[in-house]
Structures are given as structure tokens and as C-alpha cells.
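The values are calculated or read from the model by the stated rules, or taken from the named source; none is laboratory data. If you're wondering where the values come from, they're calculated on a predicted model, not measured in any experiment. Note that we place each Cβ from the backbone using ideal geometry, even for glycine, and neighbour counts take in every protein chain shown. Ligands, DNA and RNA are stripped out before the accessible areas are found, and what is left, the full protein with its side chains, is counted by its heavy atoms. Shrake-Rupley method; radii C 1.70, N 1.55, O 1.52, S 1.80 Å.
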Amino acid sequence: MEWRASHILVKDATSAEKLYERARRGESFESLARQYSTCPSKSKGGDLGWFGEGKMVPAFENAVRRMPMRSISRPVRTQFGYHIIKKTGEKE
């Protein structure tokens, strides 16, 4: 299985919750990623491209695996910080 996702990575839970709410209310996920994410993927609107099993840290991968297509996750904590994830693809 492979997935495609975008994310916004921030250092603290409070910022992550605020950004999650903004994205959930319909603000452009890509614009929020470009403005607030600390990940280099911010230059691509948070797009991480396609990745397979074992390519991302377990908490991130598990969240993407469970998400419905085109949904936005509540903040997911990893050793890198807090991720707001948007699932954009899934294929066998």
C-alpha cells in the first residue's frame, strides 16, 4: 500500500490545534503549510509525495493509514513536533 499526504509541521500543540481548526473551517491547507510549517515541504504546500509502508515514523503512518481520503487529521505528535495531515492519495 502507498499513500500520498501533505502536512503542516509545528513545534507546539497550541499552534497545531489552531491550524487544524483553520484548515477544518476551509482555509487553504497549502497556504497554511507555506506560511506556518517548519518542514522543508512547506515550499510545496506541505506535499510529501507518495510513500510506502515503513517510510514515515509510525505515528504519522498509522494516522494516514486510518484517515479517509481528502480528510484532515487532528494534530499527530511525533519526535519532530505536531503534524496536521491531509490525505491526498492511496493506492495498492
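Key figures
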read-out: Along the chain, longest interval not containing exposed trypsin sites (Lys or Arg not before Pro), exposed being DSSP loop plus at most 16 other Cβ atoms within 10 Å; value: 26-54
read-out: Relative intensity, log₁₀ I(q)/I(0), of the range 52-92 from a Debye sum that treats every alpha carbon as a point, q = 0.20 Å⁻¹; value: -0.57
read-out: Interchain or long-range residues, amide H under 5 Å from GLU90's placed H; value: ARG4
read-out: Percent accessible area from carbon and sulfur atoms, the range 1-65, protein chains only, probe 1.4 Å; value: 49
read-out: Solvent-free Debye scattering, log10 I(q)/I(0), computed from the Cα coordinates of the chain at q = 0.10, 0.19 Å⁻¹; value: -0.21, -0.78
read-out: The chain, helix-only ellipticity at 222 nm - DSSP H runs n ≥ 4, -39,500 (n - 2.57), divided by all residues, nearest 500; value: -9000 deg cm²/dmol
read-out: Loop GluC sites (Glu not before Pro), the range 1-49 (other Cβ atoms within 10 Å of the site Cβ: 13 or fewer; DSSP); value: GLU27
read-out: Inter-centroid distance (Cα atoms) of the range 38-86 relative to the range 1-34, Å; value: 9
read-out: Acute angle (nearest 10 degrees) that the helix 13-24 long axis makes with the longest principal axis of the chain, alpha-carbon atoms; value: 80
